[in-house]
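Novice: Supplied in structure tokens, the structure appears directly below.
The values are calculated or read from the model by the stated rules, or taken from the named source; none is laboratory data. All of these numbers come straight from a predicted model, not from anything done at the bench. Please note: Cβ atoms are built from the backbone with ideal geometry, for glycine as well, and neighbour counts cover all protein chains shown.
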Amino acid sequence: MCKHILNAQVQIRAQCCKKWFDCPECHAENEDHEILKSPEIIMACKKCKKVFRKDVSTEFDECDEYCPRCDNHYVIPAETPESKGKLVIEFEQERGFEHKMFKDERERDRDNLTMQ
Ligand SMILES: [Zn+2]
Ligand SMILES: [Zn+2]
Ligand SMILES: [Zn+2]
């Protein structure tokens, strides 16, 4: 089970080392080389265990998001622990930043007032 994409529906075959991975991050963690990117990806559906090829050099059609053998919908928003954590952190940082900007502006206004 991949810890990066919690809801992975397919495995991806790395062209460089001919091994199966749930996601490119798994490859990066287990191998000491960069993953070889190719316009055609070999994938295996986790539901029906069938292997199929996907041309990723062109735009995805809606029908391309399903396994050609069992119609398993594999193109779904990836659930990752990182993305969930990042969303919360970014939101908090943004709020803090806005608050700081607002305070600075008010302080500048006050300075201007005392100068006049
Ligand atoms: Zn590799
Ligand atoms: Zn992974
Ligand atoms: Zn399938």
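Novice: Looking at segment 56-85, which of its residues are modelled with pLDDT under 85 and not in a loop (DSSP other than H, G, I, E, B)?
Specialist: Scanning segment 56-85 gives Glu62, Cys63, Asp64, Glu65, Pro81, Glu82, Ser83, Lys84, Gly85.
Novice: What's the total number of residues in segment 21-46 that are closer than 13 Å to Tyr74 by Cβ and either among the β-branched types (Val, Ile, Thr) or near ligand 2 (Cβ under 10 Å from one of its atoms) (or both)?
Specialist: 3
Novice: Of everything in segment 30-43, what is in contact with a strand residue (DSSP E or B) (Cβ under 9 Å, 6 or more places away or on another chain) and surrounded by fewer than 16 Cβ atoms within 10 Å (Cβ to Cβ)? Give them in sequence order.
Specialist: If the condition is that a residue be in contact with a strand residue (DSSP E or B) (Cβ under 9 Å, 6 or more places away or on another chain) and surrounded by fewer than 16 Cβ atoms within 10 Å (Cβ to Cβ), then Asn30, Glu31, Pro39, Glu40 are the ones that fit.
Novice: Consider segment 15-29. How many of its residues are touching a strand residue (DSSP E or B) at 6+ places or on another chain (Cβ under 6 Å), near ligand 1 (Cβ under 10 Å from one of its atoms) and not in a helix (DSSP H, G or I)?
Specialist: 1
Novice: Go over the candidates Lys18, Lys3 one by one and state the one that is farther than 19 Å from Val75 by Cβ, out of contact with any Cys (no Cβ under 6 Å at 6 or more places or on another chain), away from ligand 3 (no atom under 16 Å from the Cβ) and touching a residue at least 40 places away in the same chain (Cβ under 8 Å).
Specialist: Of the residues listed, the single one that is farther than 19 Å from Val75 by Cβ, out of contact with any Cys (no Cβ under 6 Å at 6 or more places or on another chain), away from ligand 3 (no atom under 16 Å from the Cβ) and touching a residue at least 40 places away in the same chain (Cβ under 8 Å) is Lys3.
Novice: Let me ask another. Taking Lys19 as the residue in question, decide whether it is at negative phi, surrounded by 13 or more Cβ atoms within 10 Å (Cβ to Cβ) and charged (D, E, K, R).
Specialist: Spelling it out, Lys19 is indeed at negative phi, surrounded by 13 or more Cβ atoms within 10 Å (Cβ to Cβ) and charged (D, E, K, R).
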